Amino acid sequence: VQFSFSGKPPSTGGVYLLGKFNDFRINEETRLLYDENLKRFIGKVYLKQGVYDYKYTWLAENTTTPDENAFEGSFFETENDYQILFYYRRPAGRWDELIGFTQINSVKR
């Protein structure tokens, strides 16, 4: 499978594919090389036919820990709204009854 990733290198290092197919390990077989002419990272990985989940990660030069937020960023502090609905079904009942509702926010408590 040929992979092509459009992204600007943050610093010196390399882009790697991580997924269950390689036990989320960094290795040279899954490294993508930057092509100056195309302005893209390009790489080929031999995979069996099937469905694969993978992600791109950045490994800076002289480090062993990949930066998984280099391209997508981190949104762990994002504010979210949640609606919670409470239902009840009577024994041997044929439908659910809405008996309660609340809305909460992940930041405002």
Exercise. For LEU17, are the conditions met, namely being in contact with a strand residue (DSSP E or B) (Cβ under 8 Å, 6 or more places away or on another chain), part of a strand (DSSP E or B), at pLDDT 90 or above and open to solvent by 60 Å² or more (accessible area, probe 1.4 Å)?
Worked result: no
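Restricting attention to the stretch 20-42, which residues are touching a helix residue (DSSP H, G or I) at 6+ places or on another chain (Cβ under 6 Å) and either at pLDDT below 90 or under 11 Å from THR57 (Cα atoms) (or both)? Walk me through it before giving the result.
Within the stretch 20-42, the first condition is being touching a helix residue (DSSP H, G or I) at 6+ places or on another chain (Cβ under 6 Å), and the residues that meet it are 22, 30.
Selection gives THR30 alone.
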Exercise. What number of residues within the stretch 20-40 are exposed (fewer than 10 other Cβ atoms within 10 Å of the Cβ), over 18 Å from the mean Cα position of the chain (by Cα) and within 19 Å of THR65 (Cβ to Cβ)?
Worked result: 1
Problem set entry | Residue check, GLY43 in contact (Cβ under 8 Å) with a residue 60 or more places away in the chain, surrounded by 13 or more Cβ atoms within 10 Å (Cβ to Cβ), closer than 23 Å to GLY73 by Cβ and not hydroxyl-bearing (Ser, Thr, Tyr) | no
For this session: Scan the stretch 77-101 residue by residue and report those that are at pLDDT 95 or above and among the hydroxyl-bearing types (Ser, Thr, Tyr).
Result: TYR87, TYR88
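The values are calculated or read from the model by the stated rules, or taken from the named source; none is laboratory data. Since we're looking at a predicted model, the values are computed, not measured. Glycine gets a Cβ as well: all are built from the backbone with ideal geometry, and neighbour counts include every protein chain shown. These accessible areas exclude ligands, DNA and RNA; they are computed on the full protein's heavy atoms, side chains included. Shrake-Rupley method; radii C 1.70, N 1.55, O 1.52, S 1.80 Å.
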